[in-house]
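The values are calculated or read from the model by the stated rules, or taken from the named source; none is laboratory data. Not measured: the values here are computed from a predicted model. Every residue, glycine among them, receives a Cβ derived from its backbone with ideal geometry; neighbour counts consider all protein chains shown.
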Amino acid sequence: MGLLAMTHAVPLVDLSAQYAAIGPEIDAAIRSVVERAAFIMGPEVQAFEIEFAAFCATRHAVGVASGTAALELTLRACQIGAGDEVITSAHTFIATAEAISATGARPVFADIDPVTYTLDPEAVAAAVTPATRAILPVHIYGQPAHMDRLLAIAARHDLVVVEDAAQAHGARWHGRPVGSLGHAACFSFYPGKNLGAYGDAGAITTDDPQLAAEVALLRNHGRRSKYLHEIKGYGERLDTLQAAVLRAKLPHLPTWTAARQRLAARYSERLAPLAERLTLPGVDPAAEAVWHLYVVRTQPRDALLDSLQQSGIGAGIHYPTPLHLQPAYADLGYRRGDLPVTERVAESCLSLPLYPEMTEAQQDAVVAAIAAFFGQR
Ligand SMILES: *Cc1c(COP(=O)(O)O)cnc(C)c1O
């Protein structure tokens, strides 16, 4: 790595930059929990649930231990289990499908739209069988899935729609926030997500009071009172320290989202001259994306990735192997070629550095490195 490259080193994400900006607020939030020595549930968790439900424009939010737990407990609360099928995307983090498998149900992978990378509604409609119970769209990279068409398919076949909103806190569809679009939605607060805790954390949002109550029972060993367990549940509570961190961060999220949106628009503007070599991300006219990731496509992708990494630029791949081709899902019997768009995207996608604190100079260094790779310095 040359000296020039070193001075322009840009990470894929920079969580320290965020802490540098709001450190005292985080420290105070953590200290208050530690001083009260109240580490499990309590008012901090409840307050975060109320504030996060308001953020998502839903009646309820239930805090849980992770995004994975949010997905699994929501599907269980919807009575999904052995013999059922749940249609989802293979172009996502594996937790989306693992949650389906954990209930005993079968993940059925439908192909994605080549522009937005979210579930292709036509492919979903074609995948419905008599065993289908739910559709699990993923708002991948921070862009809402095509909810109008997915909800119409669900209504036609009496299916539940559970949003995987782990990458899309604050994104909107026809002006309405994700989390309020399906029957329920699942959020992750993994540290690198748009709203990140300082460890694992997650939440479910819904307008359905029964569903919220069921998830609240399931996350805490099936109990409403300390020693009476109404159903067999799980230990998947939202950690109180994480709730305190999330409460300190939530008021900043709109500002951080605006910064992501400004940087994404700037990438699209600066990279437009390379459009013949690089496919830039497209946004549905009904969607307001929150840019968890800014993902371009190119071939050969790996050569560009290597070149950026050699210049100290932390590009990444989300995700290199689609779920239907993962060894863990070999038992489902999918083959290469079954999901052509998903496979093409997995082979060509590249995530560029993007985080709210990224400077324009850092972004210019990324753009310059890409232009240099394509010989258009
Ligand atoms: C991060 C993520 C999850 C899992 O969330 P965890 O909090 O890591 O368990 C699920 N789905 C998607 C799309 C994600 O990005």
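Scan the range 223-234 and tell me whether some residue there is in contact with a helix residue (DSSP H, G or I) (Cβ under 7 Å, 6 or more places away or on another chain) and buried (at least 16 other Cβ atoms within 10 Å of the Cβ).
So far as the range 223-234 goes, yes, one or more of its residues are in contact with a helix residue (DSSP H, G or I) (Cβ under 7 Å, 6 or more places away or on another chain) and buried (at least 16 other Cβ atoms within 10 Å of the Cβ).
Could you list, in sequence order, all residues of the range 130-155 that are within 11 Å of the ligand (Cβ to nearest atom) and either in a helix (DSSP H, G or I) or of a type in the set (D, E, K, R) (or both)?
Ile140, Tyr141, Gly142
Any residue at all in the range 176-184 that is within 11 Å of the ligand (Cβ to nearest atom), more than 21 Å from Glu44 (Cβ to Cβ) and part of a loop (DSSP other than H, G, I, E, B)?
no
Run down Pro251, Pro191 and say which single residue is outside any helix (DSSP H, G or I) and closer than 18 Å to Val45 by Cα.
Working: Pro251 fails: outside any helix (DSSP H, G or I).
Only one candidate qualifies: Pro191.
List pairs: first residue in the range 195-212 and more than 16 Å from the ligand (Cβ to nearest atom), second residue hydroxyl-bearing (Ser, Thr, Tyr) and in a loop (DSSP other than H, G, I, E, B) anywhere in the structure, Cβ distance under 8 angstrom, at least six positions apart or on different chains.
Thr206/Thr58; Asp207/Thr58; Asp207/Ser180
Given the conditions (1) closer than 30 Å to Ile87 by Cβ; (2) away from the ligand (no atom under 16 Å from the Cβ); (3) assigned to a loop (DSSP other than H, G, I, E, B); (4) of a type outside the set (S, T, N, Q), and given that Arg344 satisfies all but one, which numbered condition is not satisfied?
Every condition holds for Arg344 apart from (3).
Only one of (1) modelled with pLDDT under 95; (2) within 16 Å of the ligand (Cβ to nearest atom) fails for Met1. Which number is that?
Every listed condition holds for Met1 apart from (2).
So, of the residues in the range 246-262 that are more than 19 Å from the chain's Cα centre (by Cα) and of a type outside the set (Lys, Arg), which turns out to be surrounded by the fewest Cβ atoms within 10 Å (Cβ to Cβ)?
Pro251
Determine if the range 77-88 includes at least one residue that is under 23 Å from Leu280 (Cα atoms), modelled with pLDDT of 95 or more and surrounded by fewer than 24 Cβ atoms within 10 Å (Cβ to Cβ).
no
For residues that are closer than 14 Å to Tyr334 by Cα and within 15 Å of the ligand (Cβ to nearest atom), scanning just the range 102-112, find the one that is surrounded by the fewest Cβ atoms within 10 Å (Cβ to Cβ).
Out of the qualifying residues, it is Pro107.
Could you pull out the residue among Ala212, Ala328, Ala259 that is outside the structural domain of Pro353 (by TED's automatic domain parsing) and in a helix (DSSP H, G or I)?
Sole residue among the options that is outside the structural domain of Pro353 (by TED's automatic domain parsing) and in a helix (DSSP H, G or I): Ala212.
Mind counting the residues in the range 355-377 that are of a type outside the set (D, E, K, R) and closer than 23 Å to Glu276 by Cβ?
Total satisfying the criteria: 13.
In the range 22-71, how many are over 22 Å from Val138 (Cβ atoms), away from the ligand (no atom under 16 Å from the Cβ) and in a helix (DSSP H, G or I)?
Residues that pass the stated criteria total 24.
Can you tell me which residue within the range 121-149, out of those that are small (Gly, Ala, Ser) and closer than 23 Å to Pro254 by Cβ, is surrounded by the most Cβ atoms within 10 Å (Cβ to Cβ)?
Of all residues in the range 121-149, those small (Gly, Ala, Ser) come to 123, 125-127, 131, 134, 142, 145.
The next check asks that each one be closer than 23 Å to Pro254 by Cβ; those that pass are 142, 145.
Details: Gly142: 30, Ala145: 34.
Ranking the qualifying residues of the range 121-149, first place goes to Ala145.
Which one is farthest from Arg172 (Cα to Cα) among residues in the range 264-323 that are outside any loop (DSSP other than H, G, I, E, B), touching a residue at least 24 places away in the same chain (Cβ under 8 Å) and hydroxyl-bearing (Ser, Thr, Tyr)?
The qualifying residue farthest from Arg172 (Cα to Cα) is Ser307.
Considering every residue within the range 86-101, establish whether at least one is in contact with a Ser or Thr (Cβ under 8 Å, 6 or more places away or on another chain), part of a loop (DSSP other than H, G, I, E, B), within 16 Å of the ligand (Cβ to nearest atom) and among the hydroxyl-bearing types (Ser, Thr, Tyr).
For the range 86-101, residues in contact with a Ser or Thr (Cβ under 8 Å, 6 or more places away or on another chain), part of a loop (DSSP other than H, G, I, E, B), within 16 Å of the ligand (Cβ to nearest atom) and among the hydroxyl-bearing types (Ser, Thr, Tyr): absent.
What number of residues within the range 288-319 are of a type in the set (Val, Ile, Thr) and within 16 Å of the ligand (Cβ to nearest atom)?
Total meeting the criteria: 3.
Which of (1) aliphatic (A, V, I, L, M); (2) modelled with pLDDT under 95; (3) in a helix (DSSP H, G or I) is the odd one out, the single condition Ala125 does not satisfy?
(2)
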